[in-house]
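Participant: Take this structure, written in structure tokens, and hold onto it; I'll ask about it next.
Rule-based calculations on the coordinates, nothing more; no lab input. Note that the structure is predicted; figures quoted are calculated from it, not measured. As a convention, Cβ positions derive from the backbone with ideal geometry for all residues, glycine included, and neighbour counts pool all protein chains shown.
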Amino acid sequence: MWLALMLALPLPLHAEPVSVLDAGAVPHLSAEGRADYQRFLQQATPRVFALSPSGAWGWAAAQPDLAATEARAIALCAQWVGAEAGAGCRAYARDLTVVWPGLETVASLPPPPNRPLLGGPGWAMVADGRFFWQGPAAARGAYIWAHGRAAGGQDSRGSQPQPHVRVFNNAGWDVLRFDRDPSLDETEDAAIWLRGALRALRARGYARIVVGGQSRGAWNALQALDEPGLVDGVVAVAPAAHGPRGSPAWGWAVAELREVLERARNPAARVVVATFEGDEFDPDPNARARLFQALGRRVQDLLFLDRPAGLAGHGGGAESLFTRRFGDCLLEFMEGRPAQCG
């Protein structure tokens, strides 16, 4: 997040309700401010973009609650150089809506279902209300996000998908979470649950289905490749299923990854794999890299982000830098367009 001082643009003569995704509709902002607003749209919630009639702006995201987030955004906006530049800062957008006077968002999309779409003992497929929802008939596809399994047994249900998923949602994809009860979340059981849920979502009419995940969720996403046509794409971020460094399961981790990848039977799928330097859940980065590269012979297309510079650790995919560098690229890749990955 950063601030800059720019000349203000005038308010439109006839203000009308606008979508929060329309950066061109934000009043007063310079071109640099609009570019920063685009970065704001990739952030997790709670998030607030603050604006001043004099052209100052500031935003904040993922503070403890919406009130703290808004206070932080307004404070950043008010820090502009000059007494007048930061005067009158107030919220322009909160989460998914515009709240600026005269431009307030009018709901045009259906609300997400308020109960799980699918589920069973130990798991649920949930429409995440922190994202836009369109439904199977209108959405460009469904992005299913599978969380990891915490080494300490913490409950990850309800955790927000990584920020790159928001790039898909902003482009018209529905976002669903594959939530699992940590007390029942065994690797093979979760793979069975996920396959069944994906078949059911396919039957509901989604044009495309991508399943992504981090750590154990990414491992389960790769397991979904063993059934032709089950998914159109997989985004596996730091896949792992054998614990951190020193785990006794490390002895067979690479062999079991080979088995998972060799069972891939979906030649029409597009697959992204992202690994990171210094990942404490990766027992042999070079051996695993060779296995991931070989997966390219079993699927339609493979994008292997092998330890990209500037990103490190098991949580590298959650960093804002990952989304800035690769978010648009992942969307283009999954939609079959030439992907420019920086």
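Participant: Please work out the Cα convex hull volume for segment 161-206 and give it in Å³ per residue.
Facilitator: Taking only Cα atoms, segment 161-206 has a hull volume of 79 Å³ per residue.
Participant: Could I ask something else about it? Of the residues G246, G317, G217, which exhibits the maximal mean-square fluctuation in a Gaussian network model of the chain defined by a 10 Å Cα contact cut-off?
Facilitator: G246
Participant: Now, a different point. Round to the nearest 10 and give me the degree value, 0 to 90, for the angle of helix 66-78's Cα axis relative to the longest principal axis of the chain.
Facilitator: For helix 66-78, the angle is close to 50 degrees.
Participant: Then there is this: Between 0 and 90 degrees, rounded to the nearest ten: what's the tilt of helix 253-262 against the longest Cα principal axis of the chain?
Facilitator: Taking Cα atoms only, the helix is inclined about 90 degrees.
Participant: If you don't mind, there's one more thing I want to ask. Can you put W250, W57 in order, fewest other beta carbons within 10 Å first?
Facilitator: Working: W250 16, W57 28.
If I rank by nearby Cβ atoms, fewest first, I get W250, W57.
Participant: May I pose another question? Given the -39500 (n - 2.57) contribution per DSSP H run of 4+ residues, what per-residue ellipticity at 222 nm results for the chain, rounded to the nearest 500 deg cm²/dmol?
Facilitator: -8000 deg cm²/dmol
Participant: Let me ask something else. Under a Cβ-Cβ cut-off of 12 Å, what is the net charge of the residues other than S159 that fall near it, where Lys and Arg count +1 and Asp and Glu count -1?
Facilitator: Values: positive: R130, R149, R157, R177, R180; negative: D128, D155, D179.
Spelling it out: positives minus negatives among the neighbours equals +2.
Participant: While we're here: If you bin every alpha carbon distance in segment 23-98 into 10 Å steps from zero, what whole percent lands in each bin?
Facilitator: 24, 56, 20, 0
Participant: Sticking with this structure for a sec: Pairs of Cα atoms under 8 Å, at least six residues apart: use those to get the relative contact order of the chain, whole percent.
Facilitator: Taking the mean separation of contacting Cα pairs over the length of the chain, I get 11 percent.
Participant: What does DSSP give for the chain in terms of the percent of beta bridges that are antiparallel, rounded to the nearest 5?
Facilitator: Roughly 40 percent of the DSSP beta bridges within the chain come out antiparallel.
Participant: Report the gain in length on full extension from S159 to Q79: 0.36 nm times residue separation, minus Cα-Cα distance, nm rounded to one decimal.
Facilitator: Details: separation 80, 0.36 × 80 = 28.80 nm, distance 3.22 nm.
Length gained between S159 and Q79: 25.6 nm.
Participant: So who's got an amide H within less than 5 Å of the one on R140, skipping anything under 5 residues away but keeping other chains? H placed 1.01 Å off N, in plane.
Facilitator: W173, D174
Participant: Rounded to two decimals, what is Rg over Rh for segment 187-304 when you use alpha-carbon atoms and the Kirkwood radius?
Facilitator: Radius of gyration over Kirkwood radius for segment 187-304 works out to 0.96.
Participant: Next question, about the same structure. Compute, for the chain, the length of the dipole vector about the Cα centre, with Cβ point charges of +1 (Lys, Arg) and -1 (Asp, Glu) only. Units Debye, rounded to 20.
Facilitator: Around 480 debye, computed over the chain.
Participant: Same structure, new question: Which whole-percent values make up P(r) of the chain when all C-alpha to C-alpha distances are grouped in 20 Å steps starting at zero?
Facilitator: Spelled out bin by bin, the chain gives 30, 53, 17, 0 percent.
Participant: Still on this model: Each label point is 7 Å from the Cα along the Cα-to-Cβ direction; what then is the distance between the points at R263 and A309, in nm?
Facilitator: So the two model labels end up 3.8 nm from each other.
Participant: For segment 206-280, run through the trypsin sites (Lys or Arg not before Pro) and keep only the ones in DSSP coil with at most 14 other Cβ atoms within 10 Å of their Cβ.
Facilitator: R245, R263, R265
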